[in-house]
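In what follows, a structure is listed as structure tokens, so that the remarks can point back to it.
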Amino acid sequence: MSMAQQNDFSQGSVSGNIMSLAVPMTLAQLVNVLYSVVDRIYIGHLPHVSTQALTGIGLSLPVITAVTAFANLFGMGGAPLCSIARGAGQQERARKIMGNAFSCLLISGALLFALCFLFKEPLLYLFGASSDTFSYADDYLTVYLLGTLFVMVSLGMNNFINAQGFGKMGMATVLIGAVLNLILDPLFIFVFGMGVQGAAAATVISQGISALFVLKFLTGPRAIFRLERGALRLEGKLVREITGLGMSGFIMAITNSSVQVVCNATLARWGGDLYVGVMTVINSVREIINMPMTGLTNGAQPVIGFNYGAKKYGRVRKAIIFTTLSGVIMTTAVWALLFFFPHFFIHLFNSEPELLEAGVPAMRIYFFGIFMMSLQFAGQSTFVALGKSKQAIFFSLLRKAIIVIPLTLLLPMAAGLGVNGVFLAEPISNFLGGGACFGTMLLTVWPPLKTDSIGNIDRGKGL
């Protein structure tokens with residue numbers, strides 16, 4: 001049996017196909033988050049300067065998120081198109097999509113490095129840096145930017161390993177770098193005394209190793225379609241398709257970056273460096289708890305896209321149902337943990353009494369009703385998997401740019417909410433944005449999926 005036949009998502013259990021990708025992808029995503037989260041855990045426990053150093057790294061997060069946004073633009077934009085093309089038996093088209101995405105990642109990564117490096121000082125002050133925190137942010141970001149291309153390749157091209165059905169290999173390429181980062185972080189930070197620069201250096205080296213393993217697999221014999229020189233030549237039509245579909249993931253990440261900027265600047269105004277540090281901890285916790293949902297929806301996308309391309313619409317419906325129910329259950333469980341045990345999560349990143357006192361109520365407000373966010377993930381990932389880029393882009397903008405950013409600016413002035421207004425903007429956006437995204441998906445995508453390719457009712461098989 002060929003490798004392509006083994007990864008035929010139109011056969012077998014829908015939930016089994018999803019979980020075969022989602023489990024290793026979730027682990028890979030979780031491990032990938034450890035690149036930056038582990039940095040914050042170590043830095044947050046530096047003697048005497050822990051809060052200032054942690055806040056400094058938090059001020060660098062918008063730039064790091066922007067790098068992720070461009071990796072999402074071409075990686076998450078190209079991978080679903082590959083899945084659809086593979087499901088339709090269009091192997092050459094799938095190969096060209098992957099090659100064009102790789103070229104776009106390299107070009108955008110080089111430009112992003114140059115722009116961020118040139119303007120990092122004014123950017124950091126715009127993000128809310130103070131005289132006490134700027135040096136830490138600058139030290140970290142200067143080193144981190146040197147690995148921009150490594151991040152782009154390891155994050156962006158890993159999507160194409162998963163799109164071909166190699167979820168375990170996708171996890172392994174990330175795991176290699178993350179384990180190395182876990183080893184190098186304490187060595188560089190504490191043994192060599194490099195502080196925040198050591199944390200960034202460990203991340204850059206680890207991402208570089210991960211990128212090499214991604215490229216080795218995609219150019220090797222095991223890949224269903226390989227990364228080859230002939231496919232790297234940019235084709236305008238393919239680039240437009242990739243960016244069109246990846247725009248939702250890009251906008252989601254870039255608006256996250258914008259929200260981080262607005263939140264940090266507003267908190268610096270209303271609460272000072274301490275509350276910027278609290279938001280850094282909250283962002284770190286959010287990155288960790290989002291991983292199961294992100295892994296689940298990323299695992300579902302190749303299955304949904306493949307079956308959509310193969311016109312197995314009953315299986316598409318069952319994949320959407322499984323993804324949604326699983327997501328709601330997971331995020332509800334996470335909400336309970338965060339509400340009852342906030343001290344545990346904060347202590348992972350900092351042990352200063354004042355940060356703990358300010359962080360507990362802030363965390364309970366910020367994560368209230370987080371299960372509604374799973375509906376946003378489920379609805380948006382369905383739009384992306386089916387190639388419906390306009391809907392995916394709109395709902396990316398709705399939740400963050402149209403709801404969160406204005407509320408972050410306005411709520412602190414309302415009814416004396418102050419810093420609590422900043423944290424309250426997130427749950428409001430989850431209810432409004434998540435409900436609107438999922439409801440629209442049910443009204444627009446779901447009804448046409450009730451018929452098969454020739455208009456007959458497609459009842460499908462069990463999950």
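A few comments on the model shown:
- Selection of segment 166-187 for residues being open to solvent by less than 20 Å² (accessible area, probe 1.4 Å), of a type in the set (A, V, I, L, M, F, W, C) and part of a helix (DSSP H, G or I) yields VAL174, ALA178.
- First in segment 129-155 and under 15 Å from ALA211 (Cβ atoms), second anywhere and among the hydroxyl-bearing types (Ser, Thr, Tyr) and at pLDDT below 95, Cβ under 6 Å, 6 or more apart: SER154/SER210
- Residue satisfying all of: in segment 81-128; β-branched (Val, Ile, Thr) and touching a residue at least 12 places away in the same chain (Cβ under 8 Å); most open to solvent (accessible area, probe 1.4 Å) among these: ILE84
- If you go through segment 198-213 and pick out every residue that is more than 22 Å from the chain's Cα centre (by Cα) and open to solvent by 80 Å² or more (accessible area, probe 1.4 Å), you end up with 0.
- Flag for VAL259 being in contact with a Lys or Arg (Cβ under 6 Å, 6 or more places away or on another chain), in contact (Cβ under 8 Å) with a residue 24 or more places away in the chain, among the aliphatic types (A, V, I, L, M) and not in a loop (DSSP other than H, G, I, E, B): yes
- Taken as a whole, the structure leaves PHE190 outside the set of residues that are under 25 Å from GLY58 (Cα atoms), open to solvent by 40 Å² or more (accessible area, probe 1.4 Å) and either at pLDDT 90 or above or among the small types (Gly, Ala, Ser) (or both).
- LEU115 vs. criteria farther than 20 Å from GLN197 by Cβ, hydrophobic (A, V, I, L, M, F, W, C) and out of contact with any Ser or Thr (no Cβ under 9 Å at 6 or more places or on another chain): yes
- Annotation for segment 234-249: no member residue is under 12 Å from the mean Cα position of the chain (by Cα) and open to solvent by 40 Å² or more (accessible area, probe 1.4 Å).
- The set of residues in segment 296-344 being free of Cβ contacts under 8 Å to residues at least 40 places away in the same chain and among the hydroxyl-bearing types (Ser, Thr, Tyr) consists of SER326, THR332.
- Residue check, MET19 modelled with pLDDT of 85 or more, over 30 Å from THR133 (Cβ atoms) and surrounded by fewer than 23 Cβ atoms within 10 Å (Cβ to Cβ): yes
- The residues of segment 188-231 that are touching a helix residue (DSSP H, G or I) at 6+ places or on another chain (Cβ under 9 Å), part of a loop (DSSP other than H, G, I, E, B) and within 19 Å of GLN91 (Cα to Cα), listed by number, are ARG222, ALA223, ILE224, PHE225, ARG226, LEU227, GLU228.
- The single condition among (1) at pLDDT 85 or above; (2) within 21 Å of VAL276 (Cα to Cα) that TYR35 does not meet is (1).
- Per the listing LEU218, LEU267, the residue uniquely of a type outside the set (D, E, K, R), at pLDDT 90 or above, within 26 Å of MET363 (Cβ to Cβ) and surrounded by 22 or more Cβ atoms within 10 Å (Cβ to Cβ) is LEU267.
The values are calculated or read from the model by the stated rules, or taken from the named source; none is laboratory data. Just so you know, these numbers come straight off a predicted model, no measurement behind them. Don't worry about glycine lacking a Cβ; one is built from the backbone with ideal geometry, like all the others, and counts go over all protein chains shown. Side chains are part of the model used for accessible areas, which takes the heavy atoms of the whole protein and leaves out ligands, DNA and RNA. Shrake-Rupley method; radii C 1.70, N 1.55, O 1.52, S 1.80 Å.
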